[in-house]
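Student: Got a structure for you, questions after.
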């Protein structure tokens, strides 16, 4: 049982109990505060009607309630509170901080089922995916808890007995803005390394998925994190801008679209603040004729259908070598037709709901655009209306497979952020590498081949931050993740991310008398 929060879920008549108040399928409003500051839920001070926004359940289309955006005064309160908490948290040893993170990971695993169900409500993704996400977050928090005590500088020996040493020091208060496709994961991926390094954080989740970040805050509190070390503020773009510009924020980390990431970077430039940006992608997946075709098809499905295609790293440009093109397409369509679309709380559902009606319509618009550009829709690309009345207003789309695509189509060049696969053919290695790199993005890429020399040769030439060989869309916490080009700056996960949450101080120690030139 949680100290401050208990989630209860009942299928189809679900209720989320939040400090004894209820979200229910009758359409009642969210009444419990969704800001979390200084270890407790608080109400935003903003009462202007334009600063309220609606929250819908993607799978049912149901209005869950109206949420108030945090005002500049709310941002001020959260940041100053984190500044005060920083003094205590940063003074602890890495071992002490690590114990809190390890306990947090234990609680996440203990509450994984409840968290997963709320994440489904939040996002519309299938329950099995939500479980993978939540347990992966526990792994991430545990990983940084385990290495918190090892974060240190180095000793540098100098001539004549003198020496220098470096100190790895925390930055202070980190501002973080998460995306809506992995709301709990974003909060965990950003907060765990930041906290391990001794920083504190003010986190703003997406207004489309506000429910689980505050749950992480309460788990941190239960695990022993001092109040104020992880604060959550709700809001829309104005709140994010205010957070990015706030003088007390020492670094920003953002996951989302390229245009918004550019604005965050611009806001941080005014204060010369470091930023980590994980942005969009239009990643290539290259399938050579010598591959295991069925394995490559499975990889292409992982590269395109997770979270209804709403994944920035997705390999949406699938390049297939000409000799196996027909075989690949036939098997891809055959397997895709078998995916169950529907109730995301059902264990056998493969495809859940899109995040919103507006986004679903955007994806459908790209399918129509593909047709006008000359592509052939081999399967899908239409809305699915479920027979169950509980889900009849949900935002469900059938995954779409496009053939006959060429490089200059908009559907091939632009990020769609939906389950729309563009399949292109190629003839040789040099050709496909050049075409794969012909994009403004560089987040990920994939290669399917039995030729290990070719696999490494191509991986070295692809301009992207993560390259998968004979797999796709796996995210071990030990492996850094981030992009080239417009796909972002900096890295998340792995030990390298610690470089982005610390600053290095050099201390020179002279062991001899000063030799003066005067």
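The values are calculated or read from the model by the stated rules, or taken from the named source; none is laboratory data. Just so we're clear, the structure is a prediction, and the values are computed from it rather than from any experiment. Here the Cβ is made from the backbone with ideal geometry for all residues, glycine too, and neighbour counts use every protein chain on show.
Student: Need a quick list: strands (runs of 3 or more DSSP E) entirely within region 386-473 having at least 2 residues that are assigned by TED's automatic domain parsing to the domain that holds residue 375 and within 21 Å of residue 363 (Cα to Cα).
Tutor: 400-403, 420-426
Student: Let me ask you something else. Across region 477-518, what is the number of residues that are in contact with a helix residue (DSSP H, G or I) (Cβ under 8 Å, 6 or more places away or on another chain) and in a loop (DSSP other than H, G, I, E, B)?
Tutor: The number of residues fulfilling the criteria is 9.
Student: Take residue 254 and tell me if it is assigned to a strand (DSSP E or B), touching a residue at least 12 places away in the same chain (Cβ under 8 Å) and not assigned by TED's automatic domain parsing to the domain that holds residue 470.
Tutor: yes
Student: Can I ask one more? Answer yes or no: is there a residue in region 260-275 that is assigned to a loop (DSSP other than H, G, I, E, B), more than 20 Å from the chain's Cα centre (by Cα) and either free of Cβ contacts under 8 Å to residues at least 12 places away in the same chain or within 30 Å of residue 358 (Cβ to Cβ) (or both).
Tutor: Yes, region 260-275 contains at least one residue that is assigned to a loop (DSSP other than H, G, I, E, B), more than 20 Å from the chain's Cα centre (by Cα) and either free of Cβ contacts under 8 Å to residues at least 12 places away in the same chain or within 30 Å of residue 358 (Cβ to Cβ) (or both).
Student: Sticking with this one: It is to be established whether one or more residues within region 284-300 are touching a strand residue (DSSP E or B) at 6+ places or on another chain (Cβ under 8 Å), farther than 23 Å from residue 452 by Cβ and either buried (at least 23 other Cβ atoms within 10 Å of the Cβ) or in the same structural domain as residue 188 (by TED's automatic domain parsing) (or both).
Tutor: The answer is no; no qualifying residue exists.
Student: Of the residues 235, 217, 240, 224, which is surrounded by fewer than 24 Cβ atoms within 10 Å (Cβ to Cβ), touching a residue at least 12 places away in the same chain (Cβ under 8 Å), touching a helix residue (DSSP H, G or I) at 6+ places or on another chain (Cβ under 9 Å) and outside the structural domain of residue 336 (by TED's automatic domain parsing)?
Tutor: From the options 235, 217, 240, 224, the qualifying one is 224.
Student: Also, quick follow-up: Condition (residue is at positive phi and part of a loop (DSSP other than H, G, I, E, B)) applied to region 230-244: is it met by at least one residue?
Tutor: Yes, region 230-244 contains a residue that is at positive phi and part of a loop (DSSP other than H, G, I, E, B).
Student: Consider residue 325 carefully, then state whether it is surrounded by fewer than 20 Cβ atoms within 10 Å (Cβ to Cβ) and either within 14 Å of residue 445 (Cα to Cα) or not assigned by TED's automatic domain parsing to the domain that holds residue 445 (or both).
Tutor: No.
Student: Those residues that are within 17 Å of residue 97 (Cα to Cα) and in a strand (DSSP E or B), I need them from region 184-207; list them, please.
Tutor: Hits for region 184-207 are 200, 201.
Student: Please list, ordered by residue number, the strands (runs of 3 or more DSSP E) wholly in region 281-385 having 2 or more residues that are over 15 Å from residue 400 (Cβ atoms).
Tutor: 284-287, 317-321
Student: Also: Does region 367-382 contain any residue that is free of Cβ contacts under 8 Å to residues at least 24 places away in the same chain, touching a helix residue (DSSP H, G or I) at 6+ places or on another chain (Cβ under 8 Å) and surrounded by fewer than 18 Cβ atoms within 10 Å (Cβ to Cβ)?
Tutor: Taking every residue of region 367-382 in turn, at least one turns out to be free of Cβ contacts under 8 Å to residues at least 24 places away in the same chain, touching a helix residue (DSSP H, G or I) at 6+ places or on another chain (Cβ under 8 Å) and surrounded by fewer than 18 Cβ atoms within 10 Å (Cβ to Cβ).
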